[in-house]
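Let me begin by presenting the structure, written as structure tokens, before commenting on it.
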Amino acid sequence: MPAQLLDGKKVAQQLRERLREARATLGSRPVRLVSVEIGQNPAAAVYVRNQQRAALEVGIDMEVTNLPLGTKESELVARIGELNRRPEVAGILVQRPLPPGIDPRAVQSAIDPHKDVEGMHPANMGAILYREPLLPPCTAAAAQHLILATGLDLRGAETVVVGHSEIVGKPIAVLLLHHLSTVTVCHIGTRKLVDHTRRADILVVAVGKAGLIHGDMIKPGACVIDVGINQGADGRITGDVDFASTSPVAGYLTPVPGGVGPVTVAMLLRNTLRAAGIAI
Ligand code: NAD
């Protein structure tokens, strides 16, 4: 039997409906999310439009600011400082990739942690270790949400996260650890990846290498969450998991596109409502 598809578009739609109801409790008080981008990257433009559409649906005003190419780090940080001081701005989002010469960590750290809707300020990152993530990193929260949506019992489950980046792999590992699953983190230094992936009840892959994981690396019935986004020479978007060989083996599988991505956007909006003071 093929894996049950974890339809991120549907899950995100359900989340947005819940968010819209929660947002309505604030009445006519505006909730504003400001997106800051340097230059105009065509790939990012699609992503920003999707974010704007989703924000509108939930009742969040998303203001998009494009700073000129050549903007210096100090100028970007100064702009963020202005946004930090604007009381009607609930959330600040800095679009990536940032041009060379701008340190993403310095920029993220300049955002008021209460407005850091991407959940990447060191204060929010640190809070997840204490199980107090008011604003958790969006992609990690999305992966967690999709896993919980299966209804699987995470306690004691063998969980393998492939990828140990600050924004994706590490926070996912920590969030899943809080459910008392037994978490192994694999990365570029891992000697024999297959030995780990084959014993995973839950496998989360966040690497950025198309087809890194094949069906013969999967434990039958496993829940496989593919975070990777890779663009082929033909422009097609694929994940890190080979869908054709994995689907007959896995129990649950996220498609790419249409898996983790849309849920990540919904999590950004959830964080924005939280930043606006709504308990959701
Ligand atoms: P990154 O480049 O910062 O980290 C890559 C990780 O993969 C590192 O931990 C590295 O050690 C590991 N790695 C590299 N080669 C490996 C190998 N052969 N075997 C095992 N591990 C290996 O990337 P990132 O920012 O964490 O993003 C990972 C992927 O997730 C990318 O494709 C990115 O586009 C995607 N992404 C998706 C979303 C979403 O919303 N769906 C959000 C963020 C990132």
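The values are calculated or read from the model by the stated rules, or taken from the named source; none is laboratory data. Keep in mind the model is a prediction, meaning the values are calculated, not measured. With ideal geometry, Cβ positions are generated from the backbone for all residues, glycine too; neighbour counts draw on all protein chains shown. Note: areas computed on protein heavy atoms with side chains; ligands, DNA, RNA excluded. Shrake-Rupley method; radii C 1.70, N 1.55, O 1.52, S 1.80 Å.
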Using a probe of 1.4 angstrom, how much of the accessible area of the stretch 28-112 is carbon and sulfur, in percent?
55
For the chain, which span is the longest to avoid every loop-located (per DSSP) member of GluC sites (Glu not before Pro) having at most 16 other Cβ atoms inside 10 Å?
167-280
Tell me, what are the semi-axes, in whole angstrom and largest first, of the equivalent ellipsoid of the chain as set by the roots of 5 times the Cα gyration tensor eigenvalues?
32, 21, 18
For the stretch 228-280, which trypsin sites (Lys or Arg not before Pro) are both in a DSSP coil and crowded by at most 15 other Cβ atoms within 10 Å?
Arg236
Work out the length of the dipole vector of the chain about its Cα centre, built from +1 on the beta-carbon of each Lys and Arg and -1 on the beta-carbon of each Asp and Glu, and round it to the nearest 20 debye.
280
Charged-residue dipole, Cβ positions (Lys, Arg, Asp, Glu), the stretch 28-112 about Cα centre, Debye nearest 20
80
Taking the Cβ of Pro68 as the centre, find all other residues whose Cβ is under 15 Å away and add up their charges (Lys, Arg: +1; Asp, Glu: -1).
-1
Put one equal scatterer on each alpha carbon of the stretch 137-260, apply the Debye formula with no solvent term, and list log10 I(q)/I(0) at q = 0.14, 0.19, 0.20, 0.22 1/Å to two decimals.
-0.50, -0.98, -1.09, -1.36
Could you check the spin-label model distance between Asp234 and Ala43? Points 7 Å from the Cα along Cα→Cβ, value in nm.
1.9
Which of Ser74, Gly101, Val64 sits closest to the plus end of the dipole of the chain, meaning its Cα is farthest towards the positive end, when Lys and Arg get +1 and Asp and Glu get -1 on the C-beta?
Val64
Rolling a 1.4 angstrom probe over the protein heavy atoms, how many square angstrom per residue are accessible across the chain?
47
Set the bar at 26 Å for Cα to Cα. Now go through Lys9/Lys209; Lys72/Lys170; Lys192/Lys219; Lys10/Lys192; Lys72/Lys209; Lys115/Lys209 and name every pair that lies beyond it.
Lys72/Lys170; Lys10/Lys192; Lys72/Lys209; Lys115/Lys209
Quick one: net charge around Gly211, please, counting Lys, Arg +1 and Asp, Glu -1 for every other residue with C-beta under 10 Å from its C-beta.
-1
How much of the accessible area of the stretch 126-219, probe 1.4 Å, is carbon plus sulfur, in whole percent?
56
Return the whole-Å distance between the Cα centroid of the stretch 144-203 and the Cα centroid of the stretch 5-69.
28
